[in-house]
Amino acid sequence: MIIEKTLDKAVKERRSFYNIGKELVISEDEIRSVIADAVKYTPSAFNSQGARIVVLFGTQHDKLWDMTKETLRPFVPADKFSTTEEKIDGFRNGAGTVLYFEDQDIVTGLQNSYPLYKDNFPVWSLESSGMLQSNVWMMLESAGFGASLQHYNPLIDEQVRKTWNIPANWKLLAEMPFGKPLGEPDAKTFLPVEDRLRIYK
């Protein structure tokens, strides 16, 4: 599969889609290939390559969001839970979910090897994961999917670890449900770029 979209266009068109369906726009093998490329080519500090990804399809995807909903139930007042349930069910309606992890053994190993930068390695690990998340998001959207980035960790960490036999040293950072877009994304507003960007010559 060839994604024919310029980087500039992909960056500008990447949006949060919450109204998604279960239809696969491209095959599971093609999705794996797209994500594998993002994992392979996203930079990391000292080329440490600490990113770990789990992709859930079908009933495994459904299981994640059923689990998430039940995990949240004790924390949300009963009279307000319908809003939470609707949101979670929207993610469940998708075709799959990408789970993003960082291998903490690699972070610790770098801290031990380069003590001068010890405090930086956890930060650099998060920065690398952020780049990976953005890369996967843009590649999935360029392929025709809608996606959004969610953070139900650490509430679901232990259940995710047990359900999918995740190594203890993999730290869950984010969840990205994706599927065929069934509607337009919400309107997006922008602060003035002039207030956010400075250039000196």
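Per-residue accessible area for THR84 at 1.4 Å probe radius, Å² rounded to 10?
30
Pairs of Cα atoms under 8 Å, at least six residues apart: use those to get the relative contact order of the chain, whole percent.
On the way: 277 pairs, mean separation 74.6, N = 201.
Once normalised by length, the contact order is 37 percent.
Can you tell me what the convex hull of the Cα atoms of segment 1-83 projects to on average, as an area in nm²? Intermediate values should be presented prior to the final figure.
Values: hull surface 34.2 nm².
It is 8.5 nm².
In debye, nearest 20: dipole of the chain around its Cα centre with unit charges on the Cβ of K, R (+) and D, E (-)?
It comes to approximately 320 debye.
Could you calculate the FRET efficiency of ASP79 with LEU191 from 1/(1 + (r/R0)^6), where r is the beta carbon distance between them and R0 is 25 Å, rounded to 0.05? If you can, show how the numbers build up before the last one.
Working: r = 35 Å, r/R0 = 1.41.
Working from the Cβ atoms, E equals 0.10.
Using only the alpha-carbon atoms, what does segment 99-183 span along each of its principal axes? Please give whole angstrom values in decreasing order.
Cα spread of segment 99-183 along its principal axes, largest to smallest: 49, 28, 17 Å.
Putting +1 on Lys and Arg Cβ atoms and -1 on Asp and Glu Cβ atoms, find which of ASN165, PHE190, LEU140 reaches farthest to the positive end of the dipole of segment 126-201.
ASN165
Go ahead and estimate [θ] at 222 nm for the chain from helices alone: -39,500 (n - 2.57) per DSSP H run with n ≥ 4, summed, over the residue count, rounded to 500. It would help to have the intermediate numbers written out before the result.
Working: 7 runs with 87 residues, N = 201.
Taken over the chain, the calculation gives -13500 deg cm²/dmol.
Collect residues whose amide H, placed 1.01 Å from N in the peptide plane, falls under 5 Å from the amide H of LYS118; neighbours closer than 5 in sequence don't count.
Amide H to amide H, under 5 Å and 5 or more residues apart or across chains, LYS118 pairs with nothing.
With no solvent and one point on each alpha carbon, what is the Debye value of log10 I(q)/I(0) for segment 133-201 at q = 0.14 Å⁻¹?
Log10 I(q)/I(0), no solvent term: -0.70.
Local charge sum around ALA168 (other residues, Cβ-Cβ under 14 Å, Lys/Arg +1, Asp/Glu -1)? Kindly include the intermediate steps, with their values, before the conclusion.
On the way: positive: ARG52, ARG161, LYS162, LYS171; negative: GLU102, ASP103, ASP105, ASP157, GLU158.
Local charge sum for ALA168: -1.
Work from the charge dipole of segment 64-106 (Cβ charges, +1 for Lys and Arg, -1 for Asp and Glu, about the Cα centre) and give the residue of THR97, PHE75, LEU64 farthest towards its positive end.
Result: PHE75, furthest along the dipole toward the positive end.
Give me the log10 of I(q) over I(0) for segment 54-201 at q = 0.11, 0.15, 0.16, 0.19 Å⁻¹, as the Debye formula computes it from C-alpha points; what are the numbers?
For segment 54-201, the Cα-only Debye profile gives -0.56, -0.93, -1.01, -1.21.
The values are calculated or read from the model by the stated rules, or taken from the named source; none is laboratory data. Remember, predicted model here, so these are calculated numbers, not experimental data. Positions of Cβ are generated from backbone atoms using ideal geometry, with glycine treated the same way; all protein chains shown enter the neighbour counts. The protein model used for the area step is the full one, side chains on, heavy atoms only, and it has no ligands, DNA or RNA in it. Shrake-Rupley method; radii C 1.70, N 1.55, O 1.52, S 1.80 Å.
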